[in-house]
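*Asks:* Submitted below is the structure of interest, expressed as C-alpha cells.
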Amino acid sequence: KDPAIIGELFFLKGQRRRIINVDETDGSLDSTKGQRGGRPCNVLYAPDIAGGATQASKSSYSPTIICGANAKGEALPPHFQLKSDAKTGERQRFPVDFIMNCHSVNGRFGHPSVRPLTCTYGMNEKAGMTTVELSKYFEINIIPNYPDVEDKDGKRLLIKVDSGPGRTNVEMLAGLRVRGIILVPGVPNTTHTTQEADQLYGF
C-alpha cells in the first residue's frame, strides 16, 4: 500500500465492546515476584517502633487473578484461580467470606442493557491457568457475557491474551473460531511494553 495515503481508523457501532484484552497477574501475599506479574502486598506496621527485617506477609499461597476489559472500557468480572489439593470437584472447598467480599461489576458487553456480572472461580493443584482451566475460563467468564456472539459480521468477538499454557491449543482455538471468537495470543513477555491495561485505565 502507498504510505502516502492517509487513512482513518474507525469502529462500527458496538464494535469496541467486542474487542477484549485479558491478562493474568500473581496474587502472591509474600511480596515475592513471580513470572505472572503482581504487586507487593500491603503491610501494616508502626513507624515509631524500631524494626528489624523487611516487613512482609509470610505466606506461600499464590493464587492467579485474571482481569480484563473491552475497548469500550467495561471491566470483565475478575476470575480467581485458587489452589486446591482435592482430587475431585466435590471435595474442593474455600471460605464463604471470600465469595462475600468479591463484588460484582456492571457492564453491558453483548447484552441489550447494563447488568451486574459476578466474579468467577476456578481451582487446581497449582492455582495456575492450564490449558483446561483457560478453556473453562472462556466458557464460564467471557462467552456468557456475549449471548449474541456468532460467526457473522458484527457479531464476532476478538480476545487478546498474553502468552502461556493453552493459548495455542488448536482444538480450543478451532472451537472458539467456529463460534465467532478469535483468540489472539500476545508475544511472550511483552505486556510490560505494550501496556494495554495501563493505556485503557489511564495508569
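*Asks:* Mind listing just one residue for me: the one in segment 157-178 that is within 18 Å of ILE140 (Cα to Cα) and in contact (Cβ under 8 Å) with a residue 60 or more places away in the chain and, of those, surrounded by the most Cβ atoms within 10 Å (Cβ to Cβ)?
*Replies:* Looking at the filtered set, the residue picked out is LEU157.
*Asks:* Oh, and also: Counting only residues that are closer than 19 Å to GLY68 by Cβ, open to solvent by less than 50 Å² (accessible area, probe 1.4 Å) and part of a loop (DSSP other than H, G, I, E, B), which one in segment 16-41 is modelled with the lowest pLDDT?
*Replies:* Restricting to residues being closer than 19 Å to GLY68 by Cβ, open to solvent by less than 50 Å² (accessible area, probe 1.4 Å) and part of a loop (DSSP other than H, G, I, E, B), the top hit is GLY38.
*Asks:* Additional query: Has segment 135-156 got any residue that is in contact with a helix residue (DSSP H, G or I) (Cβ under 6 Å, 6 or more places away or on another chain), modelled with pLDDT of 80 or more and more than 29 Å from ARG93 (Cα to Cα)?
*Replies:* Within segment 135-156, none of the residues are in contact with a helix residue (DSSP H, G or I) (Cβ under 6 Å, 6 or more places away or on another chain), modelled with pLDDT of 80 or more and more than 29 Å from ARG93 (Cα to Cα).
*Asks:* Further, regarding this structure: How many of the residues making up segment 114-143 are out of contact with any Ser or Thr (no Cβ under 6 Å at 6 or more places or on another chain), open to solvent by 60 Å² or more (accessible area, probe 1.4 Å) and of a type outside the set (Ser, Thr, Tyr)?
*Replies:* 7
*Asks:* Report, by residue number, each residue of segment 144-156 that is under 17 Å from the mean Cα position of the chain (by Cα) and either buried (at least 17 other Cβ atoms within 10 Å of the Cβ) or charged (D, E, K, R) (or both). Break it down stepwise before answering.
*Replies:* Step one: list which residues in segment 144-156 are under 17 Å from the mean Cα position of the chain (by Cα), which gives 144-146.
Hits for segment 144-156 are ASN145, TYR146.
*Asks:* Looking at LEU44, LEU9, can you tell me which residue is at pLDDT 70 or above and open to solvent by 100 Å² or more (accessible area, probe 1.4 Å)? Working first, answer last.
*Replies:* Numbers: LEU44 fails: at pLDDT 70 or above.
Just one listed residue meets the conditions, LEU9.
*Asks:* Name the strands (runs of 3 or more DSSP E) wholly inside segment 74-172 in which the number of residues that are of a type outside the set (A, V, I, L, M, F, W, C) is 3 or more.
*Replies:* Working: elements: 79-83, 105-107, 115-117, 120-124, 157-161.
Fully inside segment 74-172 and qualifying: 79-83, 120-124.
*Asks:* GLU74 versus (1) open to solvent by 30 Å² or more (accessible area, probe 1.4 Å); (2) modelled with pLDDT of 80 or more: which is the lone unmet condition?
*Replies:* Going through the list (1) open to solvent by 30 Å² or more (accessible area, probe 1.4 Å); (2) modelled with pLDDT of 80 or more, GLU74 breaks only (1).
*Asks:* OK, next. Name every residue in segment 69-81 that is under 13 Å from GLU24 (Cβ atoms) and either among the hydrophobic types (A, V, I, L, M, F, W, C) or touching a helix residue (DSSP H, G or I) at 6+ places or on another chain (Cβ under 8 Å) (or both), in order of residue number.
*Replies:* Our first condition is that a residue be under 13 Å from GLU24 (Cβ atoms); within segment 69-81, this holds for 76, 78-81.
If the condition is that a residue be under 13 Å from GLU24 (Cβ atoms) and either among the hydrophobic types (A, V, I, L, M, F, W, C) or touching a helix residue (DSSP H, G or I) at 6+ places or on another chain (Cβ under 8 Å) (or both), then LEU76, HIS79, PHE80, GLN81 are the ones that fit.
The values are calculated or read from the model by the stated rules, or taken from the named source; none is laboratory data. What you are looking at is a predicted structure, and each value in this text was computed from that prediction instead of being measured. In this analysis, Cβ positions are derived from the backbone assuming ideal geometry, glycine residues included, and neighbour counts consider all displayed protein chains. These accessible areas exclude ligands, DNA and RNA; they are computed on the full protein's heavy atoms, side chains included. Shrake-Rupley method; radii C 1.70, N 1.55, O 1.52, S 1.80 Å.
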